[in-house]
Amino acid sequence: MATTKTYPKSAAVSERDVKKAGKTYEGLSRDQLIEAYRNMYLSRRVDDREILLKRQQKIFFQISGAGHEAVGVAAAFALKAGYDWFYPYYRDRALCLALGATAYDMLLQAVGSAADPSSGGRQMPSHWSLPNLNIVTGSSPTGTQILQAVGCAEVGRYLAAHPDAAKKADGDYRQFKDVKFHGDEITYVSLGDGTTSEGEFWEALNTASNSRLPLIFVVEDNGYAISVPVEVQTAGGNISRLVAGFPDFHFEEVDGTDPVASYATFVRSVAHCRAGHGPAFVHAHVIRPYSHSLSDDERLYRPDAERQRDAQRDPITRMQMFLIREGILDEKGINQLEKQVDDELQAATDRALQAPAPTPDTVTKFIYSPDLDPASSMFESQPLTPKSEGATHDGKKPVPKTMADLINATLRDEMRRDERIVIFGEDVADCSREQYLKEKLVKGKGGVFKLTSGLQCDFGSDRVFNSPIAEANIVGRATGMATRGLKPVVEIQFFDYIWPAMMQLRNELPLIRWRSYNTFSAPCVVRVAIGGYLTGGAIYHSQCGESIFTHIPGLRVVFPSNALDAAGLLRTAIRCDDPVLFLEHKRLYRETYGRAPYPGPDYMIPFGKAKVVQSGSDLSVISYGAVVPRALQAVQKLEREHGVKAELIDLRSLNPFDWDTIAASIRKTNRALVAYEDSLSWGYGAEIAARIADQMFEHLDAPVRRVAAMDVFVAYHPDLENAILPQTADLFNAMKELSEY
Ligand SMILES: Cc1ncc(C[n+]2csc(CCOP(=O)(O)OP(=O)(O)O)c2C)c(N)n1
Ligand SMILES: [Mg+2]
């Protein structure tokens, strides 16, 4: 709760009122009620002021918290600022003010100033983000905050069991990532009634219930989602009825325009969560007196009579009347308080309007970590040679290991080294019913491709566990955990099924740092089994699509072609300070090509460093992933049969990518072929080809060519698959033709 200030009470407060002074209201003192009103009134006045500024074109957007003030202030009073964690949504202005945010902070965001503490002028107003108050950066998509809040709530519990994980460590992301925890902290997350229609809301309820998390869901039900009334959004028109079956919740439905009743609701909800009994669900009925936003006119879909009915419940006027009725403040006292707020607001507005605008040269700041560059030499080390001591973890003579083996070994090494790492995803655990493992009744699964095999047995069920089949759940929770300082290394079972996580992967995870102007970050690793050439993989087990992710600023994308690179790049992915999409080609997991001895527990490869697989002088072949071994065969055949020496470059990491190696090669060969497994058009190779055409034009003796899959999904029958995906013969023919151009 914010510090309670005292306000001069009017001399007209009567004897009887003074006697009442000892009375509390569901535990709220009279001073707290005055403070509550002050925050509510201030919140409404900031909205009014922003509306005025928008009409004067001094700010560029406005969305109000009007009608939601009482429930917000009540929540703030029942929770602890800077101790509990907050994932508020855009109508939570009063909550944020009562937690300690200032009107000035808010107006700085409205004017888009460089001094805006929430985003440095990058986000719309009402996108709260204040690290010192544990108010976590929020966004605009409805509902993405909810799964992140689940992840955040999981962290307190994890750290209580692993307190050493919170310690700082040098030499990796932990050096720059402070972790705070108390053990009994609660996470608050709020949303509107319409947002309960989002699937992620239900995924979050499911996990919060199943894990009995200390998480308070607050549905601020104003009866509308823009113009759509609640009975159209929600079956039966009441969300409380629908969620009532989730176990271990404390449920309450309350008049959210009444701060005292709302406060009592939150006190009970907080007690339930703090005691570790499970999550709470507060369904608060509020009003929305100011249309959805300044871009909406609710008179188009709400008749006057309905709007007037709402106005009767306006929390500001109700609270005023309550204070007078209870003799806490008289009219003069209220006027005095309001005048004081208005004066403060005027001063804050004057200052905010003078605050510096952000300069365009700052736009690329904080897309990635400013502290740790994964392309730097810090992430470069040599593999321990087979003869070196300690090169094997089993003490036996080193044998070449598959990519699957070395990814598993890297995960094991890193988990041992860094207790902040947790691994979850579909089927990644050895066995969720751990007594079967203890009684040695089963061996354990450890992933559909066995990449995480044995890790639950080695590190425990709170570090390696199964998620529901819900990809947004996996990435959303990972984002919340990483924001608070854990290092989730999660798995998406098949690239073909990554799409439910797309909202989190495009609009959340890679943006946490940039949109909060480096005040929050979420470095974590999303491992994904990708690709075809499986013989029978068909449409839904063969997809690529890496360019969809390299198109996302803020996300590192890596795609190794062999065991050693997979180990070195995965370690860099885990130790670095950025979110990484780590693409693992299924066909390469156990391929004979590219096996390597275990390179030791510290082997790293920096991002953005290509590998010249075979050097040559006649043409450059730029590739990655499972096309690399196929291209290598073609390159060797071309030299054998035609004496043409092609240079084969394996990019290894796709964002960042190694332009220097590409350019140096083309300067030498004057011919370029880009070869990739994804369908030809609009794919990753298109960008590489465009850059070559743009920047290497004068070095080219031939057009830039591409070899890739046909523009169609991969079909089931092997004859069809072979025709669709680029084969060695296709690569050979394209190289030969290009060399003869
Ligand atoms: C995923 C997504 N879809 C659509 C929108 C556009 N949009 C913004 S707010 C909103 C309505 C939200 O209604 P509700 O959850 O009831 O919250 P309220 O604004 O009423 O407080 C919509 C559709 C969005 N921001 N995100
Ligand atoms: Mg609503």
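The values are calculated or read from the model by the stated rules, or taken from the named source; none is laboratory data. The shown structure was predicted, so the numbers you read here are calculated from the model rather than taken from an experiment. Note that we place each Cβ from the backbone using ideal geometry, even for glycine, and neighbour counts take in every protein chain shown.
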So which residues in region 345-357 are out of contact with any Lys or Arg (no Cβ under 8 Å at 6 or more places or on another chain) and either surrounded by 13 or more Cβ atoms within 10 Å (Cβ to Cβ) or assigned to a helix (DSSP H, G or I) (or both), if there are any at all?
Gln346, Ala347, Ala348, Asp350, Arg351, Ala352, Gln354, Ala355
Is it true that Arg513 is surrounded by fewer than 20 Cβ atoms within 10 Å (Cβ to Cβ) and assigned to a helix (DSSP H, G or I)?
no
Here's a check for you: in region 275-334, which residue that is of a type in the set (S, T, N, Q), farther than 30 Å from Ile146 by Cβ and exposed (fewer than 15 other Cβ atoms within 10 Å of the Cβ) is farthest from ligand 2 (Cβ to nearest atom)?
Thr317
Quick one: in region 133-177, which of the residues that are of a type in the set (Ser, Thr, Tyr) and crowded, with 19+ Cβ neighbours inside 10 Å is nearest to ligand 2 (Cβ to nearest atom)?
Thr142
If you go through region 210-221 one residue at a time, do you hit one that is farther than 18 Å from Gly65 by Cα and of a type in the set (Ser, Thr, Tyr)?
yes
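If you take the residues of region 76-95 that are of a type in the set (A, V, I, L, M, F, W, C) and over 18 Å from Gly183 (Cα atoms), which of them is nearest to the chain's Cα centre (by Cα)?
Checked region 76-95; the qualifying residue nearest to the chain's Cα centre (by Cα) is Leu95.
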Elements of type strands (runs of 3 or more DSSP E) contained in region 172-264, each with 3 or more residues being away from ligand 1 (no atom under 16 Å from the Cβ) and under 30 Å from Pro374 (Cα atoms)
none
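Tell me, which residue of region 666-718 that is among the hydroxyl-bearing types (Ser, Thr, Tyr) and in a loop (DSSP other than H, G, I, E, B) is surrounded by the fewest Cβ atoms within 10 Å (Cβ to Cβ)?
Per the criteria, the residue is Ser681.
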Restricting to region 639-664, give me the number of residues that are under 32 Å from the mean Cα position of the chain (by Cα) and farther than 17 Å from Asp565 by Cα.
2
Just to be sure I understand the filter: pairs with C-beta atoms under 9 Å, separated by 6 or more residues or on different chains, first member in region 188-203 and on the phi > 0 side of the Ramachandran plot and in contact (Cβ under 8 Å) with a residue 12 or more places away in the chain, second member within 13 Å of ligand 2 (Cβ to nearest atom) and part of a helix (DSSP H, G or I). Which pairs pass?
none
Does Glu203 fit the bill of being within 16 Å of ligand 2 (Cβ to nearest atom), at pLDDT 95 or above and of a type in the set (Asp, Glu)?
no
When every residue in region 182-200 that is within 12 Å of ligand 2 (Cβ to nearest atom) and buried (at least 24 other Cβ atoms within 10 Å of the Cβ) is compared, the one farthest from Pro289 (Cα to Cα) is Thr196
When both residues are 6+ apart or on different chains and their Cβ atoms are under 8 Å apart, which pairs have a first residue that lies in region 119-148 and is touching a residue at least 12 places away in the same chain (Cβ under 8 Å) and in a loop (DSSP other than H, G, I, E, B), and a second that is within 11 Å of ligand 1 (Cβ to nearest atom) and among the basic types (Lys, Arg)?
Ser126/Arg91
Output the residues belonging to region 302-344 that are outside any helix (DSSP H, G or I) and free of Cβ contacts under 8 Å to residues at least 24 places away in the same chain.
Pro303, Gln312
Can you list the helices (runs of 4 or more DSSP H) found entirely within region 1-112 that contain at least 3 residues being modelled with pLDDT of 95 or more?
30-55, 69-78, 93-99, 103-111
